[in-house]
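The values are calculated or read from the model by the stated rules, or taken from the named source; none is laboratory data. From a predicted model like this one, the values you see are computed outputs, not experimental measurements. Heads up, the Cβs are rebuilt from the backbone with ideal geometry, glycines too, and the neighbour counts pull from every protein chain shown.
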């Protein structure tokens, strides 16, 4: 009888030991899983930051060095590497559809972000305003009272000019009128100074320099040839002569017949902004 009790106690001890061993093994496995999840989260965050670094580098190259750059490159870092792909498709009349895909990799973890935007690095093939007779390209003066229309695209201004384009106040005429499918104001690094009303009949307008509106008479009046919304990109802000900000930089969709004056309310104008500004681009972000 005593031998039987000892045998039972031994079996019980062995069962308890087996359960404890199983519990310890499970806890160790759970701890390893938690640690792996933490490591993956760390690697994922690092990979995402690498992807952001690659994106910013590509934008910097496009902005500062070569607006026509395309290609694929991989750069190594101590924690991993980043591969950046830049591709472009010509859309005519100075526009280029650019796609940037930046992939960061740390260990076996990858993070990818993408950026698509419209870029206007130049306006090759567009009609110069001076050729139409209502813009003095040499003096940078917009002539009021002229209502001639251009072809599918018109450019006003010269890259690198060091004096602004000006629509001067006139006692005889109160406004000037530009008409084309697309209008490009490339007065940079200076500005477009509007002392009277400047009517723009177009589907898309691009302002690469700062716009200055005189509070007493300066106005931008946007019209669409088919009464649709006018897509407008301001690389810089619209300000008054006193440097009061009227409109922040960005991409806007203005309704047909919309007017922006020097006394406009910035909060009301901000309602029409669809995207913030990236220098030289119209953009939308996406993370995959």
query: Among the listed residues 143, 84, 166, 109, which satisfies the condition of being out of contact with any strand residue (DSSP E or B) (no Cβ under 8 Å at 6 or more places or on another chain) and at pLDDT 80 or above?
result: 109
Filter result for the condition that a residue is touching a strand residue (DSSP E or B) at 6+ places or on another chain (Cβ under 7 Å) and at pLDDT 90 or above, over 206, 211: 211
message: Can you tell me which residue is nearest to residue 217 (Cα to Cα) among those in segment 150-163 that are in contact with a helix residue (DSSP H, G or I) (Cβ under 8 Å, 6 or more places away or on another chain) and modelled with pLDDT of 80 or more?
response: 156
task: Out of 208, 198, report the one residue that is touching a residue at least 40 places away in the same chain (Cβ under 8 Å) and over 23 Å from the mean Cα position of the chain (by Cα).
output: 198
- prompt: Can you pull out the residues in segment 219-245 that are over 25 Å from the mean Cα position of the chain (by Cα) and part of a loop (DSSP other than H, G, I, E, B)?
  reply: 225, 226, 227, 241, 242
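Filter segment 62-76 down to the residues that are in contact with a strand residue (DSSP E or B) (Cβ under 8 Å, 6 or more places away or on another chain) and free of Cβ contacts under 8 Å to residues at least 24 places away in the same chain and list them by number.
From segment 62-76, those in contact with a strand residue (DSSP E or B) (Cβ under 8 Å, 6 or more places away or on another chain) are 62, 67-75; that's our starting set.
Scanning segment 62-76 gives 69, 70, 71, 72, 73, 74, 75.
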- prompt: Out of all the residues in segment 106-124, is one or more loosely packed, with under 14 Cβ neighbours inside 10 Å, touching a residue at least 24 places away in the same chain (Cβ under 8 Å), out of contact with any helix residue (DSSP H, G or I) (no Cβ under 7 Å at 6 or more places or on another chain) and closer than 30 Å to residue 149 by Cβ?
  reply: yes
message: Is it the case, given these coordinates, that residue 135 is buried (at least 18 other Cβ atoms within 10 Å of the Cβ) and free of Cβ contacts under 8 Å to residues at least 40 places away in the same chain?
response: yes
